[in-house]
Amino acid sequence: MNSYSEYADLIEQIELFRIAFKIVLGLLALVIIRNWYNLYKKRSFRKKNKKLTAKLEASQLGITNLDKELQKIKKLEDTLANKHSEIFQLQQEIEDYKEKFFATLSEKDKEIAKQKETNNHQQKAYERYVNYKNVEANNTRLGAHFIKNVMTRIYKDLEDAEKGYKSIFGIHYKKGEPQKKILSIKALRNIFKLLDYNVSALNKESTTIEDELAHINMFLELINYLKPNAKTELKNSLNSEQRTSIKIKPTLFFPFVENALKHGNLNDDNSFISIDLKENEQHQLSYCLVNSAEQASEAKLTKSATSKFGLHALKQLIDAYYPGSKLEHNNLPNSQYMAQLTLRLNK
């Protein structure tokens with residue numbers, strides 16, 4: 001029983017051993033298969049690894065080349081940025097230069113415009129100066145016709161005087177009564193003094209009222225010399241201090257007297273020239289001349305009045321040197337004519 005049990009146990013052990021052997025063999029086969037599979041995978045992975053390594057090396061080479069290219073691009077970008085900066089600086093410099101250029105050009109244009117304006121002002125001032133000097137020259141000259149008449153009358157009087165002297169046994173005597181008028185030699189002296197005063201007036205800025213009236217008196221004496229029937233009168237209400245302190249343009253009052261001589265009626269017994277000089281209530285100088293005039297129609301008198309003694313030229317002179325002054329001329333009743341200057345003196 002025991003042997004059979006042992007035999008059964010042995011067979012059972014053998015069977016267990018066989019099963020264990022199979023299991024071990026199966027495990028060994030699995031290990032072998034696994035190792036073979038791992039080897040296969042390793043080889044496969046190695047191939048893939050080589051390929052990947054080759055690709056990686058190629059990629060790294062490409063990356064290296066790319067880095068070089070990127071570095072080149074970076075350098076080019078830096079160079080381009082520098083060029084852009086230089087271009088910007090140049091553009092800024094150009095803009096600054098343009099701004100300075102146009103500013104300078106604008107300043108030059110302003111200077112040129114200012115210079116043109118100055119030149120225009122100077123030209124206008126020169127033209128006004130020439131115009132004033134022409135006006136002065138026109139108002140400071142004695143009429144050639146008046147001078148000719150005076151000289152003719154002087155010559156005639158001297159000739160008559162020479163004929164009026166007789167001689168007996170070497171003794172000279174004058175025949176006839178002397179005429180009651182100023183002497184020819186005095187008339188000649190007055191005309192010389194008036195001519196000298198007129199010439200010097202062109203270079204003189206002013207003269208005293210006293211000096212002007214002294215020559216007006218000479219003018220009136222010459223009118224008496226030419227027109228013995230005309231009565232002349234000069235009223236001067238200024239005091240002695242005013243006569244020497246008040247200054248006017250030389251020959252300023254002459255055109256009024258010349259106008260009365262040229263356009264007035266001074267041949268009749270009741271003909272006259274009356275001058276009144278005074279200071280008015282506004283402390284202005286009033287110079288008024290009234291003279292006898294020819295009796296004519298109103299239209300003729302008006303037309304004649306507009307052309308007397310170069311009124312426009314005289315007004316220009318008064319406006320230039322005595323702004324605010326007033327020049328009036330009117331036909332009065334009884335064939336009389338009045339010319340009046342109200343002079344606002346410069347202080």
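Nothing in this text is a laboratory measurement; each read-out follows from the coordinates by a stated rule. Since the structure is predicted, the reported quantities are computational estimates derived from the model, not experimental observations. We place every Cβ from the backbone using ideal geometry, glycine too, and count neighbours over all the protein chains shown.
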Straight-distance crosslink candidates among aspartates and glutamates, where the alpha carbon sits under 20 Å from K22 and sequence neighbours closer than 8 are dropped: D9, E12
Greater than 21 Å apart at Cα, pairs in K227/K249; K249/K315; K156/K227; K116/K315: K227/K249; K116/K315
Dipole magnitude (debye, nearest 20) for segment 1-128, charges at Cβ of Lys, Arg, Asp, Glu: 700 debye
Candidates per GluC sites (Glu not before Pro) in segment 197-271, loop by DSSP, up to 15 other Cβ within 10 Å: E205
Reachable aspartates and glutamates, given that their alpha-carbon falls under 19 Å from the alpha-carbon of K100 and they are not under 8 places away in the same chain: D109, E111
Fully extended contour minus Cα-Cα distance, from N120 to F88, at 0.36 nm per residue: 6.9 nm
Residue order, fewest to most surrounding Cβ atoms within 10 angstrom, among I246, I216: I246, I216
